[in-house]
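These notes concern the structure reproduced below.
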Amino acid sequence: MTHIPVEVFFQDYSRSISEAGGVPVLISKETDIGEVMSHLDGVMLPGGADIDPALYGAVPEADLMTPESDRDAQEIELLDAAATLGVPVLGICRGLQMINVWRGGTLNQDVPAHACWDESPHLLKHEVFFESGSLLQEVYEHPVSVNSLHHQTVDRIGHGLTATARSPEGVVEGLECEDAPVVAVQWHPELLPDGDPIFDWFVHWIRPRRC
């Protein structure tokens with residue numbers, strides 16, 4: 001049987017950016033990152049498969065999803081290029097984990113209580129609390145209830161990153177970068193039943209780059 005490569009994108013991400021007034025641009029594996037980055041106002045890293053533990057100096061400790069080494073490498077290249085050019089980045093779920101690994105952090109490889117894959121992705125599972133004065137606190141103002149569709153969490157926080165949102169038991173639910181315009185959340189805002197202000201905020205945040 002002939003092997004035909006396929007790239008799949010979840011529409012909820014592009015829909016959320018579009019509804020916030022942005023123009024979503026999907027980056028394929030064949031995209032020249034150096035070429036495309038100068039044309040982008042911002043970058044969003046979405047959810048997906050587990051990151052290869054070798055990237056943070058670990059061996060597989062659980063029944064992980066099949067590694068996607070090409071995607072891992074491309075997202076690190078994206079983050080490097082965005083940091084060099086000062087392009088804002090929003091990470092979601094795996095995106096948050098990749099940002100942490102990119103900055104030298106590590107992950108807890110299996111936290112089943114947070115997976116909730118057998119339930120509706122719209123179901124609100126726990127609250128998230130924000131650090132006073134943080135960008136995420138500016139976005140949300142008050143604690144919010146979120147969904148939970150991840151089985152990995154931040155372990156050691158990467159250099160230059162600060163945890164600015166946590167679950168009641170202390171799991172890192174939000175990261176911000178001290179020396180680059182990078183913000184990330186662990187939940188899936190694109191799937192929340194009543195929407196999430198992070199997309200409006202992100203599009204507004206990146207808009208001055210067009211001037």
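The values are calculated or read from the model by the stated rules, or taken from the named source; none is laboratory data. Values in this document were obtained by computation on a predicted structure and should not be read as measured data. All Cβ positions, even for glycine, are placed from backbone atoms using ideal geometry, and neighbour counts span all protein chains on display.
Could you check region 1-110 for helices (runs of 4 or more DSSP H) lying wholly inside it with 1 or more residues that are touching a residue at least 60 places away in the same chain (Cβ under 8 Å) and among the β-branched types (Val, Ile, Thr)?
Details: elements: 11-19, 33-37, 69-85, 94-102.
Qualifying helices (runs of 4 or more DSSP H): 11-19, 94-102.
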Residues in region 26-50 that are surrounded by 15 or more Cβ atoms within 10 Å (Cβ to Cβ) and over 16 Å from Leu79 (Cα atoms) total 2
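What are the residues in region 114-152 that are among the polar types (S, T, N, Q) and surrounded by 20 or more Cβ atoms within 10 Å (Cβ to Cβ), if any? Step through it out loud before you land on a result.
Looking only at region 114-152, we keep the residues that are among the polar types (S, T, N, Q), and these are 120, 132, 134, 137, 145, 147-148, 152.
Hits for region 114-152 are Asn147, Ser148, Gln152.
Please go through region 9-28 and give me each residue that is modelled with pLDDT of 90 or more and not small (Gly, Ala, Ser), ordered by number.
If we filter region 9-28 for residues that are modelled with pLDDT of 90 or more, which is where we start, we get 11-28.
Result: Gln11, Asp12, Tyr13, Arg15, Ile17, Glu19, Val23, Pro24, Val25, Leu26, Ile27.
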Of (1) crowded, with 17+ Cβ neighbours inside 10 Å; (2) closer than 28 Å to Ser18 by Cβ; (3) not aliphatic (A, V, I, L, M), Asp80 fails just (1)
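Of the residues Gly95, Gly91, which single one is surrounded by 15 or more Cβ atoms within 10 Å (Cβ to Cβ), out of contact with any Pro (no Cβ under 7 Å at 6 or more places or on another chain) and not basic (Lys, Arg)?
Working: Gly95 fails: out of contact with any Pro (no Cβ under 7 Å at 6 or more places or on another chain).
Sole residue among the options that is surrounded by 15 or more Cβ atoms within 10 Å (Cβ to Cβ), out of contact with any Pro (no Cβ under 7 Å at 6 or more places or on another chain) and not basic (Lys, Arg): Gly91.
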| task | With the condition kept exactly as written, say whether any residue in region 118-125 is in contact with an Asp or Glu (Cβ under 9 Å, 6 or more places away or on another chain), within 24 Å of Phe202 (Cβ to Cβ), assigned to a loop (DSSP other than H, G, I, E, B) and modelled with pLDDT of 95 or more. | result | no
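If you check Val171 against the conditions, is it β-branched (Val, Ile, Thr) and surrounded by 22 or more Cβ atoms within 10 Å (Cβ to Cβ)?
Values: β-branched (Val, Ile, Thr): yes; surrounded by 22 or more Cβ atoms within 10 Å (Cβ to Cβ): no.
Against the criterion (β-branched (Val, Ile, Thr) and surrounded by 22 or more Cβ atoms within 10 Å (Cβ to Cβ)), Val171 does not qualify.
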